[in-house]
1. Only residues that are among the charged types (D, E, K, R), over 27 Å from Ala67 (Cβ atoms) and in contact with a Gly (Cβ under 6 Å, 6 or more places away or on another chain): list them for region 222-264, please.
2. Tell me yes or no: at least one residue of region 36-50 is over 24 Å from Arg256 (Cβ atoms), surrounded by 12 or more Cβ atoms within 10 Å (Cβ to Cβ) and not assigned by TED's automatic domain parsing to the domain that holds Ala146.
3. Here is a list: Gly91, Gly70. Which entry is surrounded by fewer than 22 Cβ atoms within 10 Å (Cβ to Cβ), modelled with pLDDT of 95 or more, over 21 Å from Ala234 (Cβ atoms) and in the same structural domain as Asp236 (by TED's automatic domain parsing)?
4. Sort through Ala106, Ala73 and tell me the only one that's in contact (Cβ under 8 Å) with a residue 12 or more places away in the chain, part of a helix (DSSP H, G or I) and not hydroxyl-bearing (Ser, Thr, Tyr).
5. So which residues in region 19-35 are β-branched (Val, Ile, Thr) and either surrounded by fewer than 19 Cβ atoms within 10 Å (Cβ to Cβ) or free of Cβ contacts under 8 Å to residues at least 12 places away in the same chain (or both), if there are any at all?
6. Can you pull out the residues in region 42-53 that are assigned to a loop (DSSP other than H, G, I, E, B) and touching a strand residue (DSSP E or B) at 6+ places or on another chain (Cβ under 8 Å)?
Amino acid sequence: MHLLIQGAIVAGRDLEQLSRLSGARDVLRLGPGVCRLVGARQRPGIAEYCARAGLDFGFVPAQRKLADMGLLAIDMDSTLITIECIDEVAGMAGSRAEVSAITAAAMSGELDYAESLRRRVGLLRGLDQGALARVYDERLRLSPGAETMLAAMRGAGVKTLLVSGGFSFFTERLRMRLGLDYSSANIIEIEEGRLTGRVVGGVVDAEAKAAKVRAVRDELGIAADRIIAIGDGANDLAMMAAAGVSIAFRAKPVMRGKAHYALDYAGMDGVLNLFV
């Protein structure tokens, strides 16, 4: 196993300490913010040291290659992009504080996701549909490193699925813009140019996300251990459990202990360093 260390910058003194703690045979510096400690062992103190130093860490198989993977399933809000779209839309309806509080509770696992979405969407009733386009054009930004990561996935032949408990208005635009292979999200109902406060059909909740991942897996004819899943909230846990490699990106506490890896300091391109 290799111990992968990532952050804005990895200082030499941190490498020395982590090499000692892990009993590593060698140190490979791959860049200012990423290093591999070869032959490292999982020992007490590593997680605590990295937390104090502001570093991401993970034990990775020495020979695991990105080309061995077949599917990347990634969440949208606060994962692929830096915002929660529904909170931004709610800001234009004058209900941001209330909607944001519900979002935070749902992402932390304190509220049933489907019920939380219906409550939040209900608060958008009567809003002009142009608010959706304004959020996409004016406020939506990709997470740092996202385009680099997606380009590498395409280069390695890994298919991409954007699966979200948010709105298809945003996922479809991102799918076309970024050249993603699949997407799945909730459809917000619009009548006469205004949001009705309802979603069309069933809610894309945690189990629906996982079901979509499994459906694409079966369509591609790949095993679960060839799936990478990236998310940040409680409604991503089921799809993460369906993946061979799960990554909590800038995630809520409920996620961190249940994913194989957590990236709190590296950009999304840090996902690539988990593979050789």
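1. Listed by number, the list holds a single entry, Lys252.
2. The answer is yes; a qualifying residue exists.
3. Details: Gly91 fails: modelled with pLDDT of 95 or more.
Of Gly91, Gly70, the one residue that is surrounded by fewer than 22 Cβ atoms within 10 Å (Cβ to Cβ), modelled with pLDDT of 95 or more, over 21 Å from Ala234 (Cβ atoms) and in the same structural domain as Asp236 (by TED's automatic domain parsing) is Gly70.
4. On the way: Ala73 fails: part of a helix (DSSP H, G or I).
Exactly one of Ala106, Ala73 is in contact (Cβ under 8 Å) with a residue 12 or more places away in the chain, part of a helix (DSSP H, G or I) and not hydroxyl-bearing (Ser, Thr, Tyr), namely Ala106.
5. From region 19-35, those β-branched (Val, Ile, Thr) are 27, 34; that's our starting set.
Hit for region 19-35 is Val27, nothing else.
6. Filtering region 42-53 for residues assigned to a loop (DSSP other than H, G, I, E, B) gives 42-45.
Correct list: Gln42 only.
The values are calculated or read from the model by the stated rules, or taken from the named source; none is laboratory data. Predicted, not measured: the structure shown is a model, and the values here were computed from it. Please note: Cβ atoms are built from the backbone with ideal geometry, for glycine as well, and neighbour counts cover all protein chains shown.
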